[in-house]
């Protein structure tokens, strides 16, 4: 079983925990999070919209970590699929300890050129999808009196970037949702936090980003480079673990970006 160098010399952060990760196929933050959770001792359920990529991710995860993950297709814009996903996890494990809301959709369009359909699609996946998943896992978590939700937001929830009005609005909404839900469930044993990456490079992102933009964004980073997905996943694992037991309603920036 593979592990980070630090993990080999200390107790696993998520030993015995069950973790459900949305949008976990491919090469981005979702898969990196699933891998890091598995390396930290968790049982993992991978969910995604793309069946072939999902099974490829599960196979890769087993090869890299020795952990055989559960898999389930889910479109987070469909409430019945969200409910079925949560039911699948509970049937497999009996409970869900950690939900990582990673599903999101971006794009690049100036508002003056943006169709309603573009706006609604990004918000439906990124913000409302996060709400649907959170709403679905809360009843069983509250019944048990414990659980952790970690949402994937973005520094664009705070900072402006041309062509990102829909995505930035959605991610700002994820931040607000995180804070409000955390206050609603704080006394019931459930913690809700979020990460806000600035730029995490992976293969799919390069395919959907206008030429030259990623290079420009990397130049804005104080470290002179983008994060890797694993560097964001490490912070998600921290928030999911007992090391963050006194944190709720927080949005943690994973960034070296200067103003």
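The values are calculated or read from the model by the stated rules, or taken from the named source; none is laboratory data. A quick note: this is a predicted structure, and the numbers were derived from the prediction, not measured. Positions of Cβ are generated from backbone atoms using ideal geometry, with glycine treated the same way; all protein chains shown enter the neighbour counts.
Out of 132, 146, I need the residue that is at pLDDT 95 or above, over 23 Å from residue 221 (Cα atoms) and surrounded by fewer than 17 Cβ atoms within 10 Å (Cβ to Cβ). Which one? Let's see the steps before the verdict.
On the way: 132 fails: surrounded by fewer than 17 Cβ atoms within 10 Å (Cβ to Cβ).
Going through 132, 146 in turn, just one is at pLDDT 95 or above, over 23 Å from residue 221 (Cα atoms) and surrounded by fewer than 17 Cβ atoms within 10 Å (Cβ to Cβ): 146.
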All but one of (1) under 27 Å from residue 226 (Cα atoms); (2) surrounded by fewer than 23 Cβ atoms within 10 Å (Cβ to Cβ); (3) under 17 Å from the mean Cα position of the chain (by Cα); (4) modelled with pLDDT of 95 or more hold for residue 151; which doesn't? (2)
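So, residue 186, is that one within 21 Å of residue 112 (Cα to Cα) and surrounded by fewer than 19 Cβ atoms within 10 Å (Cβ to Cβ) or not?
Spelling it out, it is not the case that residue 186 is within 21 Å of residue 112 (Cα to Cα) and surrounded by fewer than 19 Cβ atoms within 10 Å (Cβ to Cβ).
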So which residues in segment 175-200 are touching a helix residue (DSSP H, G or I) at 6+ places or on another chain (Cβ under 7 Å) and touching a residue at least 60 places away in the same chain (Cβ under 8 Å)? 175, 197, 200
Where a residue in segment 151-172 is on the phi > 0 side of the Ramachandran plot and touching a residue at least 40 places away in the same chain (Cβ under 8 Å) and its partner, wherever it lies, is surrounded by fewer than 21 Cβ atoms within 10 Å (Cβ to Cβ) and assigned to a loop (DSSP other than H, G, I, E, B), with Cβ under 7 Å and at least six apart: 163/108; 163/109; 163/110
Specify which of the listed residues (108, 120) is closer than 18 Å to residue 170 by Cα and part of a loop (DSSP other than H, G, I, E, B). 108
Scanning segment 141-150 for residues that are part of a helix (DSSP H, G or I) and touching a residue at least 12 places away in the same chain (Cβ under 8 Å), which turns out nearest to residue 199 (Cα to Cα)? 141
Pick out, from segment 197-259, the helices (runs of 4 or more DSSP H) lying fully within it that include 3 or more residues that are touching a strand residue (DSSP E or B) at 6+ places or on another chain (Cβ under 8 Å) and at pLDDT 75 or above. 229-240
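Scan segment 79-95 for residues that are free of Cβ contacts under 8 Å to residues at least 12 places away in the same chain and surrounded by 15 or more Cβ atoms within 10 Å (Cβ to Cβ) and jot them down.
Filtering segment 79-95 down to residues free of Cβ contacts under 8 Å to residues at least 12 places away in the same chain leaves 80-81, 87, 91, 94.
Across segment 79-95, the qualifying residue is only 81.
Filtering segment 25-35 down to residues that are touching a helix residue (DSSP H, G or I) at 6+ places or on another chain (Cβ under 7 Å) and within 19 Å of residue 127 (Cβ to Cβ), which residue is surrounded by the most Cβ atoms within 10 Å (Cβ to Cβ)?
29
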